[in-house]
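Right, one structure below, let's go through it.
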C-alpha cells in the first residue's frame, strides 16, 4: 500500500489544480482512495491524503509519504478539528432550561465568573439583572444565578475534557479502523443542554 499526499485534478484533463484551474470540475486522481483533507488548505489547491495500491504510478500533484508521516498528519488534522469543535460547542451557548438560553462566549463566561464572585463577596445581594442573550434581560435571584454559573462552568469543562480525550485517543490510534470512530465522535459532539422540544416556539 502507498500513502499519498495530493491535490485535486481536472475531471477531464487530469491536470492538477495547482497547475491550472479545473475548468471541467475537480476530482481526486484516479486510483487513490481519499481518507482525509487538510481543511485549512481549502482554496485554489486543497491538500488531501489517501491510499493506493503499490503499483499506482505517481503523477504530478501526487507525493508518496511514509506511513509514519501519513498518520502523524492525520492526527494533527483531527486534533485541529477537535479543538475547533470544542470551541464551537463551548462558545455556542447553552440551554440551562428549555426556557432559558445563555450565551457562553468568552465575554459571557467572564461575566458569569464575576457574578459568582460578587454574590459570594456580598451576601446582601438578593437579585441580579442579567442579559441572557443580546437585548433579552431577566432578573435572577442569587441562588438561580449561582446555579446558572455552575451549569455553564460544567459545560465548559466538559468541552475541554472531551477534547483532551479525543487527542489521547488519536495518539493511541494506529490504523484507519481505529481512527474512524474518533472522527465520527468529532462530528457528533454537541452540548448536553436542555433545548426546547422540537417544534416549540
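See the values below:
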quantity	calculated
Residue selected from region 105-141 under the condition in a helix (DSSP H, G or I) and touching a strand residue (DSSP E or B) at 6+ places or on another chain (Cβ under 9 Å), by the criterion surrounded by the most Cβ atoms within 10 Å (Cβ to Cβ)	112
Scope region 82-97; condition crowded, with 17+ Cβ neighbours inside 10 Å and part of a helix (DSSP H, G or I); matching residues	82, 85, 86, 89, 90
Among the candidates 14, 24, residue that is at positive phi, touching a strand residue (DSSP E or B) at 6+ places or on another chain (Cβ under 9 Å) and not in a strand (DSSP E or B)	14
Of all residues in region 142-186 being touching a strand residue (DSSP E or B) at 6+ places or on another chain (Cβ under 7 Å) and in contact (Cβ under 8 Å) with a residue 60 or more places away in the chain, the one that is surrounded by the fewest Cβ atoms within 10 Å (Cβ to Cβ)	176
Region 40-76, residues that are more than 18 Å from residue 11 (Cα to Cα) and touching a helix residue (DSSP H, G or I) at 6+ places or on another chain (Cβ under 7 Å)	49, 74, 75
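To keep it simple, each residue is scored yes or no on (1) touching a helix residue (DSSP H, G or I) at 6+ places or on another chain (Cβ under 9 Å); (2) over 23 Å from residue 39 (Cβ atoms).
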position	(1), (2)
85	yes, no
94	yes, yes
103	yes, yes
117	no, yes
123	yes, yes
126	yes, yes
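Any read-out appearing in this document is the output of simple, stated calculations on the displayed coordinates, not a laboratory observation. It should be emphasised that the depicted structure is a prediction, and the values quoted were computed from it without experimental measurement. Glycine also receives a Cβ, built like all others from the backbone with ideal geometry; neighbour counts cover every protein chain displayed.
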